[in-house]
1. If the elastic network links every pair of Cα atoms under 10 Å, which of 290, 38, 202 fluctuates the most in the Gaussian network model of the chain?
2. In what sequence, highest mean first, do 125-136, 93-104 appear when ranked by Cβ atoms within 10 angstrom?
3. Which angle between 0 and 90 degrees, to the nearest 10, do you get for helix 217-226 versus the longest principal axis of the chain when only C-alpha atoms count?
4. Using only the Cα atoms of region 240-297, build the gyration tensor, take square roots of its eigenvalues as a ≥ b ≥ c, and label the shape rounded, prolate or oblate: rounded if a/c is under 1.5, else prolate if a/b is larger than b/c, else oblate.
5. Using alpha carbons only, what's the Rg to Rh ratio of region 206-315 with Rh from Kirkwood?
6. Given Cα pairs under 8 Å that are at least 6 residues apart, what percent is the relative contact order of the chain?
7. Full extension from residue 206 to residue 310: what is 0.36 nm times the residue separation minus their Cα-Cα distance, to one decimal in nm?
8. Compute the angle between helix 161-185 and the longest alpha-carbon principal axis of the chain, please, reported from 0 to 90 degrees and rounded to the nearest 10.
C-alpha cells in the first residue's frame with residue numbers, strides 16, 4: 001500500500017520501519033516541527049524525522065495539521081491509508097476520510113482502557129498484570145475508534161516504563177503490518193469500543209515523581225518502575241534531588257534481615273516515621289513508608305552519576321534516623 005505515516009517519538013519508529021520492511025511504500029512522513037532542546041537550545045529533529053531522512057522519504061512538519069493548506073498538501077500523495085503512531089496532533093475529519101482505507105492508529109493499551117496520553121507508564125504505575133497494543137480505525141474523538149486488532153503483553157514483575165515502552169514499540173510495528181494486510185484483503189472486522197469500560201489517562205509530568213512516603217512501599221515501588229527512565233521518581237536528601245530508579249519492598253525489617261548475609265556497618269532505630277531511614281548498613285538503606293519498608297537499590301544524587309546503592313555507600317554514609 002501507499003502509506004502516509006504520522007508519528008513523532010522513537011515509539012513510532014518501530015512501526016514505520018516495520019511497514020517499510022514489509023514492502024509498503026511510505027510516500028510521506030508527517031511529524032512535529034523541530035524543537036530547541038538542551039542547554040544550547042539547538043534545534044532537534046524528531047526520531048521519526050531522523051528515520052525518514054535516513055531512508056530518503058519526504059518529511060512534512062506542519063504546526064497545525066488542521067489548516068487547509070496542510071490538508072491540501074496531504075492530498076497530493078494519493079495514499080491508500082494513513083498510519084498514525086504517537087503523532088501529537090488531532091486529525092480533522094477531512095484527513096480521516098481522505099485515504100481509501102482511512103486512518104488507523106497504533107495505540108499502546110488494550111482499548112477502551114487507557115485512552116489518552118502515557119498509557120504505557122500508567123499500566124506500570126497502576127500495577128496492571130497486562131498491557132498491549134490496539135490498532136484502531138480513527139474517529140473524530142480521542143482514541144474512540146473501532147478496534148481492528150489487539151495483542152496482549154504480560155507485564156514482568158520488574159517491568160519499568162522504559163522496558164514496556166520498548167516491548168510495545170516492537171509489538172506495535174508487527175501488529176500494524178498484520179492489520180494492514182487484513183485490511184487490504186478485506187478480512188478485518190471492526191469492533192466498536194465498549195463505552196462502559198472506558199478509562200482515560202493524562203500526560204506524565206515531572207512533579208508526578210515526587211515521592212510521598214506516607215503511601216505504601218508497594219505503591220512507591222510501582223512509581224519507581226513506572227517512571228523509569230523518565231521523569232523518574234525522586235525525593236530530597238541533604239537538600240539535593242535524589243532520583244530513585246530501582247527499589248525493593250519489605251513488609252518488615254525481619255523479612256529483610258532474613259534475606260541478607262552481610263550487615264557490616266549497620267545502624268537501626270526501633271521506630272521510624274514515613275521518609276525516615278529505619279535501617280542502613282554498608283550496602284543497604286531501608287526507608288519507612290506508610291505501609292512497609294522501601295529498600296533503595298539504584299539511585300542518582302544531584303550532581304552525581306546513576307549507581308547502585310552499594311557503590312553510593314562507598315562514598316556516602318547514610319545512617320538510621322536520617323530523613324530521605
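1. Evaluated over the chain, the most mobile residue of the options is 38.
2. Details: 125-136: 19.7, 93-104: 17.2.
Highest-to-lowest ranking by the protection proxy: 125-136, 93-104.
3. Relative to the chain, helix 217-226 is tipped by roughly 40 degrees.
4. On the way: a/c = 1.39, a/b = 1.19, b/c = 1.17.
In terms of gyration-tensor shape, rounded.
5. On the way: Rg = 13.1 Å, Rh = 13.9 Å.
That ratio is 0.94, to two decimals.
6. Numbers: 688 pairs, mean separation 41.7, N = 324.
Result for the chain is 13 percent.
7. On the way: separation 104, 0.36 × 104 = 37.44 nm, distance 2.70 nm.
Taking 0.36 nm per residue and subtracting the Cα distance, the gain is 34.7 nm.
8. Computed tilt is about 20 degrees.
Each value in this text was obtained by applying a stated rule to the coordinates, not by laboratory testing. As the structure is a computational prediction, the values presented were derived from the model and not from experiment. Heads up, the Cβs are rebuilt from the backbone with ideal geometry, glycines too, and the neighbour counts pull from every protein chain shown.
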